[in-house]
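Written out below as structure tokens is the structure these notes cover.
The values are calculated or read from the model by the stated rules, or taken from the named source; none is laboratory data. The structure presented is a predicted model; accordingly, all values stated were derived computationally and were not measured. Positions of Cβ are backbone-derived with ideal geometry, glycine not excepted, and every protein chain shown enters the neighbour counts. Note: areas computed on protein heavy atoms with side chains; ligands, DNA, RNA excluded. Shrake-Rupley method; radii C 1.70, N 1.55, O 1.52, S 1.80 Å.
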Amino acid sequence: MEQTKKTFSIRALLKGLIERNRMVHQLSLKVRLVQKALLRYHFSIEKLRLFLQVFPYTMIGFERLFNVYDLSEKVEEEKLEGAFVECGVWKGGAVAVMAYVTEKAGSKRHTWLFDSFEGLPEPTIKDGERAQTYSAGNKSGTLVSVGRCVGPLEYAQELFFDVLHLPKESIHMEKGWFQDTLQKAKSRVGSIAILRMDADWYESTKCILENLYDNVVPKGYIIIDDYNHWEGCKKAVDEFLLKRDLRPVLVNIDSNAIYFQKP
């Protein structure tokens with residue numbers, strides 16, 4: 001009995017320390033976000049407020065968050081036609097920035113979110129050993145969640161409609177695996193001004209490009225969150241560009257992500 005009490009106390013202590021470290025880490029990230037955002041956007045309180053509001057709903061780094069804001073503003077300034085689309089949204093933080101920009105601009109542009117809202121599916125052998133390890137050894141490509149990057153739909157709804165108060169009529173949240181949703185939805189999506197891809201795996205990335213790339217308007221933007229991070233993502237992008245004989249200038253956002261402008 002005494003040994004059981006000691007074990008329980010040690011576990012409780014460790015759990016408390018882990019939670020404390022997590023909170024300290026989150027606070028440190030927020031401080032860095034405030035510093036970087038104020039300097040980059042010339043002490044704009046409006047932009048800082050937006051970034052702080054979406055912060056709990058995104059896993060992407062500061063530079064990627066700023067990039068999606070900047071490209072969205074550029075699209076509005078240049079009056080490019082087409083929707084804002086993100087495939088792989090987690091809790092919706094990055095795509096919410098795009099939706100906020102278009103609402104502020106008053107352009108009535110539509111925003112589309114595609115995600116399983118159940119987490120990542122299984123990778124395949126084309127994604128490499130690191131992806132398989134990350135997915136607990138799974139590599140069959142089966143469309144079942146491996147329990148990673150799980151962001152339930154309710155979080156995205158909360159951010160869009162309760163936190164940012166964005167209009168429901170211009171927001172479309174499509175739940176399901178890309179292989180089941182994109183082909184059916186692409187005609188409804190129509191032209192695309194920004195296509196942001198955060199799909200991690202080879203098959204998911206390939207599916208997005210094959211279904212939605214042709215919807216992107218000339219001079220529209222394609223953002224690939226995992227290009228320099230996951231082997232399968234890079235492979236799928238490179239193969240697609242080679243197959244289409246496309247040679248766009250790939251611009252690094254940070255050490256992981258890139259974007260390019262459609263010719």
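So, with a 1.4 angstrom probe, what is the percent of accessible area on the chain that is carbon and sulfur? Walk me through the numbers before you get to the answer.
Values: 7320 of 13680 Å².
Its accessible area is 53 percent carbon and sulfur atoms.
Does the stretch 131-252 come out rounded, prolate or oblate by the C-alpha gyration tensor, with a ≥ b ≥ c the root eigenvalues, rounded set by a/c under 1.5 and, if not, prolate when a/b is larger than b/c and oblate if not? Intermediate values should be presented prior to the final figure.
Numbers: a/c = 1.74, a/b = 1.10, b/c = 1.58.
Oblate, since a/c reaches 1.5 and b/c is not below a/b.
As an exercise, use a Förster radius of 25 Å and the Cβ-Cβ distance of residue 172 and residue 148 to find the FRET efficiency, rounded to the nearest 0.05.
Step by step, r from the Cβ atoms, then E = 0.50.
Could you let me know the centre-to-centre spacing of the stretch 235-263 and the stretch 59-127, using Cα atoms, in angstrom?
17
Normalise the Cα radius of gyration of the stretch 52-202 by 2.2 N^0.38 Å (N = residues in it) and let me know the number.
Working it through for the stretch 52-202, the quotient is 1.06.
How charged is the neighbourhood of residue 141? Take every other residue with its Cβ under 13 Å from the Cβ of residue 141, and add Lys/Arg as +1 and Asp/Glu as -1.
On the way: positive: 126, 139, 206; negative: 122, 127, 200, 203.
Value of the local net charge: -1.
Give, to the nearest whole percent, the P(r) tail of the stretch 38-106 beyond 18 angstrom, counting all Cα pairs.
33
Enter the mean projected area of the convex hull around the alpha-carbon atoms of the stretch 208-263, in nm², rounded to one decimal.
So the Cα hull casts an average projection of 3.5 nm².
Could you work out the longest stretch of the chain that avoids the trypsin sites (Lys or Arg not before Pro) located in DSSP loops with at most 15 other Cβ atoms within 10 Å?
149-243
Net charge near residue 107, counting Lys/Arg +1 and Asp/Glu -1 over other residues with Cβ under 15 Å of its Cβ?
Neighbourhood net charge equals -2.
Under 8 Å for C-alpha pairs, at least 6 residues apart: give me the relative contact order for the chain, rounded to a whole percent.
Reported relative contact order: 17 percent.
With a Cα-only, solvent-free Debye model of the chain, what are the log10 I(q)/I(0) values at q = 0.12, 0.14, 0.17 Å⁻¹?
Values returned for q = 0.12, 0.14, 0.17 Å⁻¹ are -0.74, -0.98, -1.40.
What FRET efficiency, computed as 1/(1 + (r/R0)^6) with R0 = 25 Å and r the Cβ-Cβ distance, is obtained for residue 36 and residue 74, rounded to the nearest 0.05?
0.80
Treating the angle as unsigned and between 0 and 90°, give the value, to the nearest 10°, between the Cα long axis of helix 178-189 and the longest Cα principal axis of the chain.
With both axes taken from Cα atoms, the answer is about 40 degrees.
How high is the relative contact order of the stretch 68-188, in percent, with contacts defined as C-alpha pairs under 8 Å that are six or more residues apart?
Averaging sequence separation for qualifying contacts and normalising by length gives 28 percent for the stretch 68-188.
As a quick test, which of the pairs 36/91; 30/186; 47/126; 36/243; 91/126 have an alpha carbon distance above 30 angstrom in this structure?
Distance filter (> 30 Å) returns 30/186; 47/126; 36/243.
Return the percentage of antiparallel bridges among DSSP beta bridges fully within the chain, rounded to the nearest 5 %.
25
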